Amino acid sequence: MNALQNKTKAHLGLILANLVWAMNYPFYKMIMPQYMSPYALATLAVSIAAILALLSFFFVPVERVQRKGDIVKFVGAAVLMGVAKKLFLMVGIQHTSPIDASIIATLGPILVLVISVFFLIDRFTPMKIVGMVIGLAGALVVILSGSGMQAPSDKLGGDAVVLLAIVASSFSMVWLKELIVRYKPVTLLRWIYPVAAVMMLPIGLGPLLRTDFSAMPAHVAWIVAYVAVVPTFGPNYLLIYSLHYVKPTISSIYFYLEPVIATAISVAMHMDTLSWDRALASLAVFAGV
C-alpha cells in the first residue's frame, strides 16, 4: 500500500509542478522585455530559490554528501537546472510566442528517451523510433510556422533557444536520477540553487539592479512576484520527489499539460492565437510521444 501511495503522490506532484510551469509561458511574455530583461528575471528567480533552499536548514537536518564525486554532479545539476534551463527559457520566450514555446517543451519526453538510451537507462524500439520521427516533425512545423505575433527570423531564434532550455531540462532529469536515489529532495535543492545563484550573479546582477520596479503596474508586479517565487523551488522539489518513484521517461510525459494550460491562458489574455497548422503540429508531437 505504501508503494502505491508513494507513486500516487509522485504523479500528483508532477501534475501540480507542470501546471505551475505552464503558467510561466504567458507570464514571462507579459514581463519581458518591457519591464525586466530575461537575465534580471532569471537571476531574481534563482536567487530567491537559493534563499528558500538555505532557509530549509532551519527545518530539515543536514545530509552528508556520501561520495566526493557527487559534488561535481551537484554542480552539473546546478548548471542544467538553475542556469541553463531558466536562462534559455526566459531568453527564448522573449522572442517567440507562449504557445509555440509550450509546444516545443513537449519534446521533453523524446529528448529524455534519447538521453536515457545514451546512458543505457532505456533502449530504442521500432515503435519509439517512429514516435520520435513524428514528434520531431511536428515540432519542426511549429518552429518554422508563423505565429502572427513575431517576425519570422526573431521567432526562429526564440524557438531555437527554447529548445536548448528543454534539452537542458531533459538532460537534468536523467542526470539527477542517480543523485535522487541517494539524497533527499531538499538536499539536492540546497546544492543546486545556491550554486546556480552564484553562477547567475555575474550574468544578471547588473540588469537586475537597473530594473525599475517602481515603474511596473501593480498587476505586473504581482506577476513578477509569482514567477520569481513560485515556479522554481516548489515545483522542482515535487519533480525531484517524484523521480524517486517513477522513471524520467514517465515523469516527462506530464509536459503535455503545459501547452494546454499555456494556450488557454495566452488565448484568453489575447496574447496569442492558435492556428490550425500549429494545432495539428502539436497533435503530431503528442501522437509521436
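The values are calculated or read from the model by the stated rules, or taken from the named source; none is laboratory data. Note that the coordinates shown come from a computational prediction; the quantities given were computed from them, not determined experimentally. Every residue, glycine as well, gets a Cβ built from its backbone with ideal geometry; the counts of neighbours run over all protein chains shown. Side chains included, ligands, DNA and RNA excluded: accessible areas come from the protein's heavy atoms. Shrake-Rupley method; radii C 1.70, N 1.55, O 1.52, S 1.80 Å.
Any chance you could count how many residues in the stretch 63-88 are closer than 21 Å to Pro38 by Cβ and either not hydrophobic (A, V, I, L, M, F, W, C) or not in a helix (DSSP H, G or I) (or both)?
Number satisfying all stated conditions: 3.
For the stretch 224-236, enumerate the residues that are under 15 Å from Tyr25 (Cβ atoms) and surrounded by fewer than 19 Cβ atoms within 10 Å (Cβ to Cβ).
Tyr226, Val230, listed by residue number.
Name every residue in the stretch 43-80 that is touching a helix residue (DSSP H, G or I) at 6+ places or on another chain (Cβ under 6 Å) and under 19 Å from Tyr226 (Cα atoms), in order of residue number.
Thr43, Leu44, Ala45, Val46, Ser47, Ile48, Ala49, Ala50, Leu52, Ala53
Would you check if Trp222 is assigned to a helix (DSSP H, G or I), under 19 Å from the mean Cα position of the chain (by Cα) and among the hydrophobic types (A, V, I, L, M, F, W, C)?
no
Residues being open to solvent by less than 10 Å² (accessible area, probe 1.4 Å) and of a type in the set (A, V, I, L, M): count how many of those fall in the stretch 8-39.
Residues meeting the conditions: 7.
So Ala165 passes all but one of these: (1) surrounded by 21 or more Cβ atoms within 10 Å (Cβ to Cβ); (2) farther than 20 Å from Tyr245 by Cβ; (3) at pLDDT below 90. Which condition number does it fail?
Failing condition for Ala165: (3).
Given the conditions (1) in a helix (DSSP H, G or I); (2) open to solvent by less than 80 Å² (accessible area, probe 1.4 Å); (3) of a type outside the set (S, T, N, Q), which single one is not true for Val60?
(1)
Please give the number of the condition Ala50 fails out of (1) at pLDDT 85 or above; (2) under 25 Å from Val246 (Cα atoms).
Failing condition for Ala50: (2).
Answer yes or no as to whether Leu257 is open to solvent by 30 Å² or more (accessible area, probe 1.4 Å), within 15 Å of the chain's Cα centre (by Cα) and modelled with pLDDT under 80.
yes
So Leu201 passes all but one of these: (1) modelled with pLDDT of 90 or more; (2) within 17 Å of Tyr35 (Cβ to Cβ); (3) open to solvent by 30 Å² or more (accessible area, probe 1.4 Å); (4) among the aliphatic types (A, V, I, L, M). Which condition number does it fail?
The failed condition is (2).
For the stretch 183-219, which positions are part of a helix (DSSP H, G or I), touching a helix residue (DSSP H, G or I) at 6+ places or on another chain (Cβ under 7 Å) and among the hydroxyl-bearing types (Ser, Thr, Tyr)?
Passing the criteria: only Tyr193.
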